[in-house]
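Contents: one structure, followed by commentary.
We did not get these values from a lab; they are worked out from the coordinates using the rules stated. Given the structure is predicted, the values throughout are model-derived calculations rather than measurements. In this analysis, Cβ positions are derived from the backbone assuming ideal geometry, glycine residues included, and neighbour counts consider all displayed protein chains.
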Amino acid sequence: MEHGSYKDQSASTFSLADEDHTLANALRFTLNQDPRVSVCGYSIPHPSEARVNIRVQTTGDPAKEVLKDSCQDLMMICQHVRSTFDQAVADFKNTNGSESE
Amino acid sequence: MPKVPLWDLPELPGNQLPLHLQLQKTRVSCNKDAPTNTENVTYSGAYAAMGVDNSLRLDEFRKNFKVKVIKLNEEDMEFDLIGIDASIANAFRRILISELPTMAIEKVLVANSSSVVQDEVLAHRLGLVPIKVDPRLFEYMSENDVPNEKNSIVFKLDVKCERKSGERRTVYSHDLEWLPSGSNYMLPTESSSDPSSKPKTYTSFTSSQDSLPEFSNNPITVTPGIIISKLAPGQEIELEAHAVKGIGKTHAKWSPVATAWYRMLPEVVLLQDIEDDDAQKLVNKCPVNVFDIEDMGKGVKRATVARPRACTLCRECIREPGWENKVALRRVKDHFIFTIESTGALPPEVLFTEAVKILEDKCESVITELS
């Protein structure tokens, strides 16, 4: 859910249900790393409500698009982590397989 | 760190920070009193005034990111994640602990229990027994679902301590017996109902689970050897335990890891040569033997940092006055020594890849929600 204004789309708050620090903190990192972002941050308004608010203010681009790009970046990072990890595990099993058996 | 005037700093090629800022950005300094530079500088324009770009470029990340597996067996795994931010490493850790599904006993139907362990305590203990089965083969059971072969696993526990044995009997987790065709207990029905209709049990399995290819030669077991209760002569326990799929956020019994944690790589730097008596003193100070003595010839002995990974940052080596100028203890901010201890449902390397996939799914759902 997005809370923002029609006149100025460069600043918005996104309210994500059923998410917590896991996603919000990782997204804050990728958002901060985007040069189009001037300010961003997140908060969990109440600990017993599974909801996180992510604030994004940009230098002009629509905040929604910037957040989507950040999600995309995080996904690409994850994919790279996964492939590198799988490769490292396969290499480890190849070199150490004979010793452990 | 001694103060250096700006104009005395060495010229550096473009897009590189001066050394002292590089140090602040990439290392946590563990000083005698407290650690400093603990924060991560994530803002892309943090060093814009110096003409240094701090933004994340994926090709740069791909070039620098490394994974090194240190230890791997069926239960534990230790590996290094190098070149990633703490926020993402922490996301993986949080997902491993609380958002990866497993199967765990959720309902216990007690037919008879004369042991001293109360039924609710017994049920709680059963719930915590790890079940060795791949949760990806099962579906979640929502509130209105009937238990079937796709969302439930049924175990039977039927143990008795014979009166004539005269000895106490220990009930172990491996006394749980898998019932592949579901519950044996009948649902209470009204006597007036049609007597020809088949009596219903607590589960409605359409087929036996051991007819499925995944389980035909591979019966579902639990981690053996966990003490569930103790029975005195004459006491018995007869019950059925129904396991369903869930996540650690709901209850820790569904957590697939005993624990998952990371620590930043310790870095121990000798700021000056430490020789002879001081070298021996330094070696003796360290409780985890980080330092070694190197023979430099001509009777000169010099301390070296041999095992920095073992350092627990207890700071004993810099506690005495003056030593802080000789030894620097630091932590590398983007190098994580990640450890996963699996409970047995899935091997640890599979758990990690599943955790990464879950973070990807989260991103994807945000993108679809916003589109």
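How about B:Lys71: which lysines have a C-alpha closer than 16 Å to its C-alpha, ignoring those fewer than 8 places off in the same chain?
B:Lys71 reaches A:Lys93.
How big is the dipole moment of chain B about its Cα centre under a simple scheme where the beta carbon of each Lys and Arg is +1, that of each Asp and Glu is -1, and everything else is neutral? Debye, nearest 20, please. Before the final figure, lay out each step's value.
On the way: 45 positive and 54 negative charges, 160 e Å.
The calculated dipole for chain B is roughly 780 debye.
Based on the alpha-carbon gyration tensor of chain B and its eigenvalue square roots a ≥ b ≥ c, which shape applies: rounded if a/c is under 1.5, prolate if not and a/b is larger than b/c, or oblate?
Details: a/c = 3.70, a/b = 1.99, b/c = 1.85.
The shape class here is prolate.
Over segment B:158-309, what lengths in whole Å, largest first, do the semi-axes of the equivalent ellipsoid take, defined as the square roots of 5 times the eigenvalues of the alpha-carbon gyration tensor?
Listed largest to smallest, the semi-axes of segment B:158-309 are 64, 23, 14 Å.
In nm, to one decimal, how far is the B:Tyr172 label point from the B:Asp276 one, both placed 7 Å along Cα→Cβ?
Once both label points are built, they end up 6.3 nm from each other.
Between B:Ile105, B:Ile340, B:Ile84, where does the largest GNM mean-square fluctuation fall for chain B, given springs only between Cα atoms within less than 10 Å?
Maximum among the listed residues: B:Ile84.
Quick one: among B:Lys132, B:Lys253, B:Lys66, which has the greatest mean-square fluctuation in a GNM of chain B with alpha-carbon springs under 10 angstrom?
Highest fluctuation among the options: B:Lys66.
Treating only the Cβ of Lys, Arg, Asp and Glu as charged (+1, +1, -1, -1), what charge dipole size does segment A:2-94 show about its Cα centre? Round to the nearest 20 debye.
So the dipole magnitude of segment A:2-94 works out to roughly 100 debye.
So who's got an amide H within less than 5 Å of the one on B:Met296, skipping anything under 5 residues away but keeping other chains? H placed 1.01 Å off N, in plane.
Amide H to amide H, under 5 Å and 5 or more residues apart or across chains, B:Met296 pairs with B:Lys301, B:Arg302.
In the Gaussian network model of chain B, springs joining C-alpha atoms below 10 Å, which of B:Gly299, B:Gly166, B:Gly45 carries the largest mean-square fluctuation?
Answer for the Gaussian network model of chain B: B:Gly299.
Please give the helix B:86-98 orientation as an angle from the longest Cα principal axis of chain B, in degrees from 0 to 90, rounded to the nearest 10.
It works out to around 20 degrees.
Could you please rank A:Arg55, B:Arg94, placing first whichever residue has the fewest other Cβ atoms within 10 Å of its Cβ? Present the calculation step by step, with values, prior to reporting the outcome.
Values: A:Arg55 17, B:Arg94 21.
The order, fewest Cβ neighbours first, is A:Arg55, B:Arg94.
What pairs in B:Lys249/B:Lys362; B:Lys68/B:Lys362; B:Lys160/B:Lys245 have C-alpha atoms more than 19 Å from each other?
On the way: B:Lys249/B:Lys362 16 Å; B:Lys68/B:Lys362 26 Å; B:Lys160/B:Lys245 30 Å.
In this structure, B:Lys68/B:Lys362; B:Lys160/B:Lys245 lie more than 19 Å apart at Cα.
Sort by residue number and report every cysteine in chain B with no other cysteine beta carbon within a distance under 4.7 Å.
B:Cys30, B:Cys161, B:Cys286, B:Cys311, B:Cys314, B:Cys317
Could I have the simple spin-label model distance between A:Gln79 and B:Tyr140, label points 7 Å from Cα toward Cβ, reported in nm to one decimal?
2.6 nm
Structure shown: which of B:Lys25/B:Lys301; B:Lys132/B:Lys253; B:Lys25/B:Lys63 lie over 24 Å apart, alpha-carbon to alpha-carbon?
Details: B:Lys25/B:Lys301 34 Å; B:Lys132/B:Lys253 13 Å; B:Lys25/B:Lys63 19 Å.
Exceeds cut-off: B:Lys25/B:Lys301.
Going out from 0 in 5 Å bins, what whole percent of all Cα-Cα distances in segment A:2-94 drops into each bin?
3, 14, 21, 20, 15, 10, 7, 5, 4, 2, 0, 0
Between B:Glu316 and B:Met50, what is the label-to-label distance in nm when each label sits 7 Å out along the Cα-to-Cβ direction?
3.7 nm
Neighbouring Cβ atoms within 10 Å as the yardstick, rank B:Arg168, B:Arg307 fewest first.
In increasing order of surrounding Cβ atoms, one gets B:Arg168, B:Arg307.
Which whole-Hz couplings ³J(HN,Hα) result when phi for each residue of segment B:331-344 is put into the Karplus expression 6.51 cos²θ - 1.76 cosθ + 1.60, θ = phi - 60°, listed in order with x for Gly and Pro?
10, 7, 6, 10, 10, 10, 9, 9, 10, 10, 10, 7, 8, x
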